[in-house]
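To start, the structure itself, in structure tokens.
The values are calculated or read from the model by the stated rules, or taken from the named source; none is laboratory data. Everything numeric in this text was worked out from a predicted model, so none of it was measured. A quick note on method: Cβ atoms are made from the backbone with ideal geometry, for glycine too, and the neighbour counts reach across all protein chains shown. Ligands, DNA and RNA are stripped out before the accessible areas are found, and what is left, the full protein with its side chains, is counted by its heavy atoms. Shrake-Rupley method; radii C 1.70, N 1.55, O 1.52, S 1.80 Å.
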Amino acid sequence: VKRKIRALRDEELKARRRMLGNVIFIGQLYKQQMLTDRIMHQCIVEQLGNIDNPDPESVECLCKLMTTIGSQIDQPKSKKMIDEYFRRLDQLSKNQTLDSRIRFMVQDVIDLRYNSWRLRRKVEGPKLLSEVHKDAMQAMSGGRGGRGGGGGRRDRDR
């Protein structure tokens, strides 16, 4: 029974990761101008869905989508629609039926827009091989503060 429950959780986690990956992929297609504003607005409206009884997965997808495309879609020509989305997001951020993790995620998107779509911290991506070598060299030379470790063979023999 425990194995079945664990397998079910693993499948659920895989499906969630796949879903979020697809949302980010759609956002990247939009950023490359392969999808139109109209399509993205439809996606946003679809994910906003029911404000009173929201689906947590939809809200999470919306947050990922807005984080990915927010700076591009938040333009003067669509200001009224974006403002309405954020009025609804504000309602969601105060909805106690949502898990606190989701509410904080919504608040992060609201804060992101308030900060002109600048992330609070840089999102680390994969490093170049040259960066890995540079970091390794720094760790080997300066990683111990240059003061040595302590207790070599001579100390032990005394």
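Please state which one of L65, L48, L35 is in contact (Cβ under 8 Å) with a residue 40 or more places away in the chain, more than 16 Å from L112 (Cβ to Cβ) and open to solvent by less than 50 Å² (accessible area, probe 1.4 Å). Can you show your working first?
On the way: L65 fails: more than 16 Å from L112 (Cβ to Cβ); L35 fails: in contact (Cβ under 8 Å) with a residue 40 or more places away in the chain.
One residue alone meets the criteria, L48.
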Inset, instruction - Find all pairs meeting these conditions: Cβ atoms under 7 angstrom apart; at least six residues apart or on different chains; first residue within the stretch 93-110 and charged (D, E, K, R); second residue open to solvent by 30 Å² or more (accessible area, probe 1.4 Å). - result: D99/P56
Inset, instruction - Please list, ordered by first then second residue, the pairs with beta carbon atoms under 6 Å, 6 or more apart or interchain, first in the stretch 12-23 and within 15 Å of L65 (Cβ to Cβ), second surrounded by 10 or more Cβ atoms within 10 Å (Cβ to Cβ) and of a type outside the set (G, A, S). - result: L20/K64; V23/C61; V23/K64; V23/L65
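Kindly establish whether I73 is touching a Lys or Arg at 6+ places or on another chain (Cβ under 8 Å) and either closer than 23 Å to R113 by Cα or hydrophobic (A, V, I, L, M, F, W, C) (or both).
Working: touching a Lys or Arg at 6+ places or on another chain (Cβ under 8 Å): no; either closer than 23 Å to R113 by Cα or hydrophobic (A, V, I, L, M, F, W, C) (or both): yes.
Spelling it out, it is not the case that I73 is touching a Lys or Arg at 6+ places or on another chain (Cβ under 8 Å) and either closer than 23 Å to R113 by Cα or hydrophobic (A, V, I, L, M, F, W, C) (or both).
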Legend entry - Complete set of residues in the stretch 1-39 that are aliphatic (A, V, I, L, M) and farther than 23 Å from D74 by Cβ: V1, I5, A7, L8, L13, A15, M19
